[in-house]
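Here's the structure, in structure tokens; my notes come after.
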Amino acid sequence: YLLGKSDKYDARDVERLQQDDKWVENYLIWRHNVVDDTLKMIDESFQWRKDYTVNDLTESVLPKWLFENGSLFLHGYDKEGYKLFWFRVKHHTRDPKQQLEKKKLVAFWLEHYAKRDHGKPLTVVFDMSETGISHIDLDFVRFIVSCFTDYYPNFLTKIVIFEMPWIMNAAFKIVKGWLGPDAISMLKFTNKSDVQEYISGEYLPPHMGGTDSFKYSYPPLVDDDFQTPLCENGPITSEDEHESKEEIDADTKETGELNEEQNLNQKKMNSIEQISKSEETDKTEIKPKNAKKALTTFKGPLLHISPAEELYFGSKETGEKKCLIVLTNVTKNIVAFKVRTTAPEKYRVKPSNSSCEPGTSLDIIVSLHGGFAASLQDRFLIMAAEMDQSSGAGVPELTQFWKEVPRTKVMEHRLRCHVVESSKPSSLTLKENAFNIPAKNNEDLHIQLTHLLQINKRLQEQIERCLWFQQLSVVISLLSVTVVAFCFYLAYTQRS
């Protein structure tokens, strides 16, 4: 394909394909590991990506009215923690002259999300309330379907269709023909009474029976994940509006203590190891008692952030309510940072707004308030920007800094929550040293379960062999009894 069609592909896509194993895997998964079908999909999607200049789609190249229309946007999560991609059908009108631009808007949002959240799948919501024949646009619907079936592999979890008018039944029979058997199983037709089987009320607008007060507006781009969306000059709302003045003062004091501690330990870059040592000697330490060494690190231009993608919270059995985020300044300047969350009423972040000296590491403790439980839908945003050496690092200076810093100079990184449902299987108890593997983290538990499954498989094979031998023995015994009985019968008949 590459030799014959290299001029039809964007070189950036080819380079990514050669380096990104996850992307290749998604193509294979979406085509059931059939290599020829996978190659065909890659070929078609790469040609489409170049035709639509997907890698260069930005806000500036698309008409502003497309964003203002509000027919397409990302907002909220379903019950499985997947992002919702909304299509407000009533805001769409069929117009052949605008069709290409509208299709590029779909591609823009999909690419925007794929880059932001590393290609985690989406749940598509067709909100068809207050729609009629004038809103039916089969060409546009077919393009949307093609995006998920042909261009973005393994990117769709389900399609939730809300209150589809009966007059559109005939049109959707045509759409089902485009989807194919796999995608058809993802269709979920809902109304007000059952839509919450898939999406909780907190992410549903009132007309769908929910309590979400979200109102789409533009600009800026929808950044509804966090309480403080960015505008041209930084956050719209004031600093930590959910914290009281006393809490801010406590943060400031604690930040100073943490910075002082870090200055004394600049040569020790692995702060998590320091915590595990301090747990043994000081049980009153504020750092998480059950903090685990992070296995992955996100290497950004200003900060290295560990863990890279997910915060792990323990189950109710373990009682773990704290997680650790380690920030390492890799620049030669002071880096200001702030941490936002989608659920400020549930989490306490210390420090949430501070700075990190050049070459040092800083620990951020994320803790759950009593009575709350972590959720897959919860997200954290870490924002960072370089400060001048002459700038102060107090609360007033940081507040002013975030008001003035341009958005282009702000580094952003997002973290998801990973919730451990249960520390132990309900029907099985795994000892600490089972299989000589310490049960200390999720990876180790996975290894233990894998060993257990292997042992179970071997036992099952042994049982099957025993049953086979048992059956063979019974057959041989029956044959022996039959032969002996037949011999006695012959002997008896000869005598008589």
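Being in contact (Cβ under 8 Å) with a residue 40 or more places away in the chain and under 26 Å from LEU100 (Cβ atoms) is a description that applies to ILE42. Residues that are open to solvent by less than 50 Å² (accessible area, probe 1.4 Å) and modelled with pLDDT of 80 or more do occur in segment 475-494, at least one of them.
Only one of the numbered conditions (1) at pLDDT 85 or above; (2) under 19 Å from the mean Cα position of the chain (by Cα) is not met by ASP117, and that is (1).
If the condition is being within 60 Å of the chain's Cα centre (by Cα) and charged (D, E, K, R), then segment 459-496 contributes GLU461, GLU464, ARG465. Every condition in (1) at pLDDT 85 or above; (2) hydrophobic (A, V, I, L, M, F, W, C); (3) closer than 21 Å to LEU74 by Cβ; (4) in contact with a strand residue (DSSP E or B) (Cβ under 8 Å, 6 or more places away or on another chain) holds for PHE189 except the one numbered (3). Considering the conditions (1) open to solvent by 10 Å² or more (accessible area, probe 1.4 Å); (2) without any contact (Cβ under 8 Å) to a residue 40 or more places away in the chain, ASP139 is excluded by exactly one of them, (2). On inspection, THR131 fails the criterion of being in a strand (DSSP E or B) and under 22 Å from LYS192 (Cα atoms). Of all the listed residues (LYS97, LYS104), the sole one being free of Cβ contacts under 8 Å to residues at least 24 places away in the same chain and basic (Lys, Arg) is LYS97. Listed by position, the helices (runs of 4 or more DSSP H) contained in segment 1-117 that have at least 1 residues being over 20 Å from PHE140 (Cα atoms) and open to solvent by 80 Å² or more (accessible area, probe 1.4 Å) are 2-5, 11-19, 21-30, 35-51, 99-116. Restricted to segment 444-474, and to residues there that are closer than 30 Å to HIS418 by Cβ and open to solvent by 80 Å² or more (accessible area, probe 1.4 Å), the residue that is modelled with the highest pLDDT is ASN456. Looking across segment 157-166, the residues that are open to solvent by 10 Å² or more (accessible area, probe 1.4 Å) and over 14 Å from HIS135 (Cβ atoms) come down to THR157, LYS158, ILE159, TRP166.
The values are calculated or read from the model by the stated rules, or taken from the named source; none is laboratory data. Not measured: the values here are computed from a predicted model. Methodologically, a virtual Cβ is constructed for each residue, glycine included, from the backbone with ideal geometry; neighbour enumeration extends over all protein chains shown. Note: accessible area is taken over every heavy atom of the protein model, side chains too, but ligands, DNA and RNA are not part of it. Shrake-Rupley method; radii C 1.70, N 1.55, O 1.52, S 1.80 Å.
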